[in-house]
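What follows is calculated from the coordinates using simple rules that are stated; it is not laboratory data. On a predicted model such as this, the values are computed, not experimentally measured, just so you know. Because the Cβ atoms are built from the backbone with ideal geometry, glycine has one as well, and the counts that use them run over all protein chains shown.
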Amino acid sequence: MNNPQKIDLRDLKIGDWFYTCENDQIELYLLLENQTAFLVKAHWPITTDTAFDAADLRTACTHFDAKDKALFYLKTGELSTTDLQEIAQYKRIVEGKKAREEHFQSLVHAANNSIATNEFSKALDLLTEAAPFAKLDVSIYQKRGFCAFHLGKYYEAIADFEYVLSQTNDQESLQLCITAYEQVGNEEKANEKRNLLKV
């Protein structure tokens with residue numbers, strides 16, 4: 001494209017098409033919203049500006065961050081009914097994620113308070129409810145194993161500690177796991193775990 005017009009994202013209007021060009025890759029966008037966040041319809045990179053009309057859609061609505069990117073104005077258009085529906089759907093998804101995160105944090109906070117007052121049964125229930133929201137948060141399983149251990153639910157504790165130990169080398173979880181195996185009479189597994197203790 002001859003003499004492309006460089007622009008600031010804040011100067012664009014809803015319905016404007018623009019693109020970025022980095023490392024011989026051109027990425028095409030349609031500005032969908034510019035209020036609390038910049039939402040765009042994004043297309044897969046192309047290698048020549050003559051192929052704008054052939055650019056394949058990558059995502060119908062997503063957040064756009066213009067940091068360290070040079071933006072170039074292409075043309076002005078109008079949003080379709082489908083575009084408006086995609087914006088509404090995207091906002092519902094974002095709000096749903098936010099609500100789940102807030103619920104997760106409230107569960108963890110309540111569980112921590114329960115652990116602090118030795119209310120292990122209550123904490124165990126709260127952490128079990130929180131676990132599906134953060135499958136990769138090892139601390140949830142460490143705390144839940146701790147609660148199960150103190151309630152004498154050794155098999156449940158072992159399951160959580162084994163997961164924690166598959167992801168970390170947490171020595172407290174390892175020591176409690178060893179004791180839990182001893183409590184259920186599995187000396188073989190207890191000894192196996194003892195070999196992992198740091199001297």
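How big is the chain on each of its three principal axes, counting only the C-alpha atoms and giving the largest first in Å?
Here the spans come out as 77, 33, 25 Å, largest first.
Using the Kirkwood formula on the Cα atoms of the range 38-80, what hydrodynamic radius do you get, in angstrom to one decimal?
Across the range 38-80, the inverse of the average 1/r is 12.0 Å.
Computed FRET efficiency, Cβ-Cβ of residue 70 and residue 139, R0 45 Å: what is it to the nearest 0.05?
Efficiency, rounded to the nearest 0.05: 0.60.
Provide the net charge surrounding residue 43, with neighbours chosen by a C-beta distance below 10 Å and charges set as Lys +1, Arg +1, Asp -1, Glu -1.
After counting each charged neighbour, the total is 0.
Going highest first, how would you order 66-78, 107-119 by mean Cβ packing within 10 Å?
107-119, 66-78
Report, by chain and number, residues whose modeled amide H sits under 5 Å from the one on residue 7, excluding near sequence neighbours (fewer than 5 apart, same chain).
71, 72, 73
Below 15 angstrom from the Cβ of residue 57, what's the summed charge of the other residues (Lys, Arg +1; Asp, Glu -1)?
Summing Lys/Arg as +1 and Asp/Glu as -1 gives -3.
Two decimals is fine: what is log10 I(q)/I(0) at q = 0.12 Å⁻¹ for the range 5-79, from a Debye sum with one equal scatterer on every Cα and no solvent?
-0.27
Give me the orientation-averaged projected area of the Cα convex hull of the range 103-187, in nm², one decimal.
Mean projected area of the Cα convex hull: 5.0 nm².
Efficiency by 1/(1 + (r/R0)^6): what FRET value for residue 21 and residue 102, r their Cβ-Cβ distance, R0 = 41 Å, to the nearest 0.05?
With a Förster radius of 41 Å, E is 0.55.
Counting each DSSP H run of 4 or more residues in the chain as -39500 (n - 2.57), what helix-only mean residue ellipticity at 222 nm follows after dividing by all residues, to the nearest 500 deg cm²/dmol?
Mean residue ellipticity at 222 nm (helix-derived): -16000 deg cm²/dmol.
Compare the Cα positions of 158, 145, 126 along the charge dipole of the range 100-191 (+1 at Cβ of Lys, Arg; -1 at Cβ of Asp, Glu; about the Cα centre) and return the one farthest towards the positive end.
Working it through, the farthest residue towards the positive pole turns out to be 126.
Provide the FRET efficiency to the nearest 0.05 for the residue 11-residue 175 pair, computing r from the beta carbons and using R0 = 45 Å.
For residue 11 and residue 175, the calculated efficiency is 0.15.
Name all residues of the range 5-20 having a backbone nitrogen under 19 Å from the label point set 7 Å from the Cα of residue 62 along its Cα→Cβ direction, giving them as ranges.
Taking a point 7 Å out along Cα→Cβ of residue 62, the residues of the range 5-20 whose backbone N falls under 19 Å are 9, 15-20.
Given 97/193; 98/153; 75/97; 13/67; 91/135; 143/198, which pairs have Cα atoms separated by over 27 Å?
Listed pairs above 27 Å: 97/193; 98/153; 75/97.
Tilt of helix 81-116 relative to the longest C-alpha principal axis of the chain, in degrees (0 to 90, nearest 10)?
20
Using only Cα atoms, tell me the angle between helix 120-130 and the longest principal axis of the chain; keep it within 0 to 90° and round to the nearest 10.
30
Rounded to the nearest 20 debye, what is the charge dipole size of the range 4-130 about its Cα centre when +1 sits on each Lys and Arg Cβ and -1 on each Asp and Glu Cβ?
The calculation lands at about 240 debye.
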